[in-house]
Every structure is written in C-alpha cells, then in structure tokens.
Amino acid sequence: MKSITSGLSFIIQAILVVAGVLLFAWFDPFGILVSTKLKLKDTPAHIREIRSIGELITAEYYGEVISSYQSIMYIQKEEEITRTKSKLLIMDSMFVNRLSELSAIDDKKERKDRFESALGEFKQNDNFDDYLHAVKKKLGITFLNSLFRQLLDPGNIGILVKSKDYLKQLQSDQEQEITKVYSKRAVRKPQLILLGRGKVQAGFRFDRLDSRNIIVDTMRNRIVIFGIHPEILSCDINPWLIPELGIKGFEIVAVNGKADNPAILYKVKKACLDSLRANALASDILNIARTNAEQNLQTFFALLLDEPRVEVRIESDLLSYYQKYLRSDTVINPSELENITRAITGYLAAPKNKTTSGYDSLRAFALLDTLKRCRLATGSHISGMTPFSLPIYQRLVNHRINGKNRDSILTALRAWKDSVQRDSSVYSRWFYQTASHTYIPIPGLLNRYRMLSDSLFELTLQRVYPDTAKTKSGR
C-alpha cells in the first residue's frame, strides 16, 4: 500500500513538472527559449557573420617553375631598353611642343627668358644632353650658332616635326650602350638556375566589409556582396615542400662560383615566385576563387538561415550586378530601384573629388537604358517606370502617417508630388538621355510620365499605408 502511494505521488510530481515546462515554454517570460536563428532580412547580422570569416581561401594552385640569373638579366636589359626608348619619345614630343609655344611669343626678352627656363627644366631629365646633341646635329647647329635663335626658328621646328630620323638613331645608340653594359663579364659570367615548387592561394578578405557592401534581395532569396574582389592571398615556396617525402621547395639545378652572392640568390628566388604567381593568374585562379566563394557562402547561409534556396552573388560593383541580371528579369521593386538609382547616380553625378572613368560612365548609361525598359512592382500592381518612381516612393516611405496629422501629411505629399512633376530637369533627364548622352526633351513625353506617376502615387500610397484606401472608400 505504501509503495502504491509513493508511486502515485511520483506520477503526480512528474505531471506537474512537465506541465510547468510546457507553460514556461509557452509564455517564456525571460526570452530564454526564443529562437535566435537569423532571417534573410537581418542584414547587420549577415555582415557580422561574413566579417567573422575574415579571410576566405577558395582556390589553390600548385606549380613548378624554373628561373635563372641570366634570364633575369636578359629581361632586365629588355625592360631598360624599352623604358629608355619610351622616355626619349616622350621627351621629344614635349620639347618640340614647347619650342612651338615659345616661338609664338612676340616679346623677344620674354621669349628668351622662357627658353632658358625650359632648357633648365629639361636638363633635369636623364639623356637630355644626348637628345639635345642629336637635335643640334640634325639641324646643323654648332657652337658658333645661337641656340636660342636656331631652335626657335619656325623652319627648324618644322624639320623636327616632319622627320624623326634623329630620334630613331638616338634610340638605337642608347640600345647599343645598354647592351654593352649587360655584356660585361661581371654580368655575363654568374650563373644560377633554380627549380621552385610552391602554391598560390586566392580568395577574399571580408574584414573590412560593412553595410555598404551588401544588399539582401528578399524577393529572390539572394544575398549580393559587392565592392570586393578576389585576390592572391599568398604565394609561397617553402624550403621544403613535402619534408616527409624529401621534396624541396627550391632546388639548385646549376650554379657556378661567380653566382656565390646572396643578392643573386635573392633575385632568382624572387623570379621563381613571380613566375609562380603569373602561372596561377594564367590558370584563371581568380575567377575560380569567385565561383567557389559564392558556393561556399551559399552553403554557409543555407545552414545559418535554414533556407536551402538562398543564393549568394559576389560582384565588383552594383552596376555589374544589375546590368547582368536585369537582362532576364525586368520586374523590380522600389527597394531595388533605390539601389539601382544610387549606383547610377554615383557615376553620373560623381563629386568633384571623385574621378569617374569614361568606361564607368558608359556602363552607367547602359544600365540606365536597361532601367527604362524595366517595370516597377508595387505590391501586386506592376507599372511602367517613370522618372518620378523613385522620389515619390522615397518620400512616402520617409513620412509615416499617424492619426493626428495624416490629412495634413497627405496634402503635403500630394503637393510635393506636383512639384516633382514640374521639376523635369532633375528627375526626367535620365529618360531624355540619348545614346550620345545629350539632353533632348521629347514633346508630350513628360505629360505622359506625369499621368503615369499620378496612378503610381496612389498605388504606392495604398501600398505603404493600406488604411488610406479604406478611409477613402468609406467616405
């Protein structure tokens, strides 16, 4: 009887414990049992997770290279010859142009002073004495002639412009002088040949990633990381590549006594490393690193978010990303429109302290042309793009309506919309740009965009503030 009573007491206690756990789990007053799993919208959390990776190696290249001291000297000689010829060519162009400018000065004293100043400037350059000697020989100028009068003579300047045989001869002479230097016994005799075996690692550095480098496309379950590039993270030839097998990283193939010099050994080892890096780049290691990084991060976020369909894209910038995917998917939402507009504006309206290349401007205009063909999805409604799509949406989102001042804010928003429509030079200029990037207002086009923006405004207003439509219909 006592055992039955004790058993019943245990069962009652167990039921009470289970009931208490269930109630605690249901109400969870301390938030202990709340899931901490990330969602796709938690962009700051994504950034923290990616930054915690730091450096991600996604591609490796193993290779074997060979280099010699004589091959280094040959390359060094050819580079010096090319560099010297280029400097002489640039010097000649600048000097002849300067002579033409000086010859046009009427005041003789000013012309002579500026001529002497120009000679002083050019004498700071290497090979100018040899160059000036070649010019004087071409024009037949001797020490008895006035260098000032002869060089500024329009006829002599014309000779220097039309005939460049003096420059070609000077370049040939300089090439022979450089070749003589590299043919000396002290340079020619040392010989060292090294065989190098090593690896190159490529990937990404995420330590400086911030919110400006990531956008989250919730409609497509896509995370886009931009502004970072795959790079060579390490290029290494260890003294022993595989010690347990006796495989060396560097192996001497041939050497003579003349190469017994630490500086020579350093040059040949560096040449091996440079060759290894060049071979890795030629094998497309950077593109492979990008592809592998996208796959690795996709797996990482699929586990982190419990979302197997999540995609990850790594692009150099937003222009590249949108130009690529808008070709096949022309329906965008207002959030994407804002990102696209920011990317385009960043290149077409760059600040004075930021230089934009002509290539980047062309890419921005190409994306702009693509954007004109896109359609804007506001809720379930899809409409054509207008110059007012973005500014109207931004203003609506930035002004939340409450019960007290909703009517006044709605009135202000509609008045603001009218002012945007009147300001055609700002918001519609993109849609007036032609292939030549010339501002050409098209008659009737602005009015059509205004009509479209009227309906877009009301649809967007209802999307951002659903109770607006109900209130209006109730009245």
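Here the simple spin-label model places points 7 Å from the Cα toward Cβ, and for L195 and F143 these points are separated by 6.2 nm. If the chain linking D284 and T330 were pulled fully straight, counting 0.36 nm for each residue of separation and taking away their Cα-Cα distance, it would gain 13.4 nm. Label separation (L89 vs N213): 3.9 nm, computed from points 7 Å beyond Cα along the C-beta direction.
Think of the range 76-185 as having a plus end and a minus end, set by charges on the Cβ of Lys, Arg, Asp and Glu; of G140, L151, M91, G140 sits farthest toward the positive end of this dipole. For D306 and K270, a Förster radius of 51 Å and the Cβ-Cβ distance give a FRET efficiency of 0.55, rounded to the nearest 0.05. Based on the convex hull around the alpha carbon atoms, the range 76-185 presents an average projected area of 7.6 nm². Label zone (S103, point 7 Å along Cα-to-C-beta; backbone nitrogen cut-off 12 Å) within the range 138-161: 149-161.
Pairs from the table (K184/K267; K138/K180; K85/K189; K136/K184; K87/K199; K87/K180) lying more than 30 angstrom apart at Cα are K136/K184; K87/K199.
If R0 equals 22 Å, the separation of the Cβ atoms of D360 and H229 corresponds to a calculated FRET efficiency of about 0.90. Label the range 130-193 by shape, choosing from rounded, prolate and oblate, from the square roots a ≥ b ≥ c of the eigenvalues of the Cα gyration tensor; if a/c is under 1.5 it is rounded, and otherwise prolate applies when a/b is larger than b/c, oblate when it is not. It is prolate, given that a/c is not under 1.5 and a/b is the larger ratio. Each of T299 and D236 was given a label point 7 Å from its Cα along the Cα-to-Cβ line. The distance between the two points is 2.3 nm.
Each other residue within a Cβ distance under 11 Å of A343 adds +1 if Lys or Arg and -1 if Asp or Glu, for a net charge of -3. Proximity of backbone amide H atoms, modeled 1.01 Å from N, is registered between V312 and I223 at under 5 Å, excluding neighbours fewer than 5 places apart on the same chain. What's the exposure ranking of S361, S67, going from fewest to most Cβ atoms within 10 Å? Arranged by neighbour count, lowest to highest, S361, S67 become S361, S67. Compared with the direct C-alpha span, the chain from S380 to K112 gains 88.7 nm at full extension, assuming 0.36 nm per residue. Straight-distance candidates among the aspartates and glutamates for linking to K164, with alpha-carbon spacing under 13 Å and chain neighbours fewer than 8 residues away dropped: D92.
The numbers here are math on the coordinates, done by the rules we state, and not lab data. Just so you know, these numbers come straight off a predicted model, no measurement behind them. Glycine also receives a Cβ, built like all others from the backbone with ideal geometry; neighbour counts cover every protein chain displayed.
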